[in-house]
Amino acid sequence: SAVISQKPSRDICQRGTSLTIQCQVDSQVTMMFWYRQQPGQSLTLIATANQGSEATYESGFVIDKFPISRPNLTFSTLTVSNMSPEDSSIYLCSVTSGGDNEQFFGPGTRLTVL
Amino acid sequence: QKEVEQNSGPLSVPEGAIASLNCTYSDRGSQSFFWYRQYSGKSPELIMSIYSNGDKEDGRFTAQLNKASQYVSLLIRDSQPSDSATYLCAVNKQSGYSTLTFGKGTMLLVSP
């Protein structure tokens, strides 16, 4: 399976600021996704990152708060904008490749907002 | 009704026993089912996928799917302390590409 890296691995930020998280894959992949995992909770899908077009957001998530880019088939970014302590979470990217629906996850970015 | 339901546990089993993890889902149109293992502080790791009714075996792991009952399970034979983790059940949405809905996970504790 593809090797997925995320930057940064963790960060501590002040409220009102923004953080951009990068997801890099070592091979071209079909789909890329962004998830959030709040403390003690399961994964919640934020959006599907579409190559060359606007991301598809899930209910409860909006582009102004979580702008996403996917300029090519191996890279995507998620920005968490105007952060509040409620945004403290682990943010994960995942990918699928080929015809399978199997998703593989990056190592995650642990974000703490003070 | 929650879309994907799992017993949060913890499920405690002794080393060498069979651990049985269960998951129910609400969307009858779901076609793909996955089990992920997540160690504390780590990201989820895919361990099994199943698409057809019946059993699918991979080493010590067996996934079981019953679409009529909207039920999927994971059996872990000869459980080891290293199997102690949270196990997440994921189901694809009927609409969309490959979007998954995750259960809250079951914590498994295997005691030596």
Partner lysines whose C-alpha sits under 29 Å from that of residue A:65, ignoring same-chain residues fewer than 8 away, are A:7, B:2, B:42, B:93, B:104
Mean other chain Cβ within 10 Å across A:101-108 is 6
Zone reached by a paramagnetic label modelled 7 Å from residue A:18 Cα along Cα→Cβ, restricted to the range A:51-70 with backbone N below 12 Å, covers A:63-69
Expressed in square angstrom to the nearest 10, the accessible area of residue A:3 with a 1.4 Å probe stands at 90
Probe 1.4 Å, heavy atoms of protein chains only: per residue, the accessible area of chain B in Å² is 48
accessible surface per residue for chain A, probe 1.4 Å, DNA/RNA/ligands not counted, whole Å² -> 46
Carbon/sulfur accessible area of chain A, % of total, 1.4 Å probe, equals 47
Chains B and A: accessible area buried, summed over both chains, 1.4 Å probe, nearest 100 Å², reads 1600
For residue A:7 the rounded accessible area (nearest 10 Å², probe 1.4 Å, non-protein molecules ignored) is 130
Among beta bridges assigned by DSSP with both residues in chain A, the antiparallel ones amount in percent, to the nearest 5, to 90
Ordering B:34, A:104 by the accessible surface of their heavy atoms, 1.4 Å probe, largest first, yields A:104, B:34
Shielding of B:43-54 by other chains, given as the mean Cβ count within 10 Å, works out to 3
Listed by chain and number, the aspartates and glutamates with an alpha carbon less than 13 angstrom from that of residue B:67, same-chain partners under 8 positions apart left out, are B:27, B:55
For residue A:56 the rounded accessible area (nearest 10 Å², probe 1.4 Å, non-protein molecules ignored) is 70
Computed ³J(HN,Hα) along the range A:40-57: with the Karplus parameters 6.51/-1.76/1.60, θ = phi - 60°, integer Hz and x for glycine or proline, the list is x, 10, 8, 8, 10, 6, 8, 6, 9, 8, 9, 6, x, 8, 5, 5, 9, 8
In debye to the nearest 20, the charge dipole size for the range B:1-104, taken about the Cα centre with +1 at each Lys and Arg Cβ and -1 at each Asp and Glu Cβ, equals 260
In terms of the charge dipole of chain B, which places +1 on Lys and Arg and -1 on Asp and Glu at the beta carbon, the residue among B:59, B:48, B:82 farthest towards the positive end is B:48
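The values are calculated or read from the model by the stated rules, or taken from the named source; none is laboratory data. Note that the coordinates shown come from a computational prediction; the quantities given were computed from them, not determined experimentally. Glycine gets a Cβ as well: all are built from the backbone with ideal geometry, and neighbour counts include every protein chain shown. Areas reflect the complete protein model, heavy atoms only, side chains present, ligands, DNA and RNA absent. Shrake-Rupley method; radii C 1.70, N 1.55, O 1.52, S 1.80 Å.
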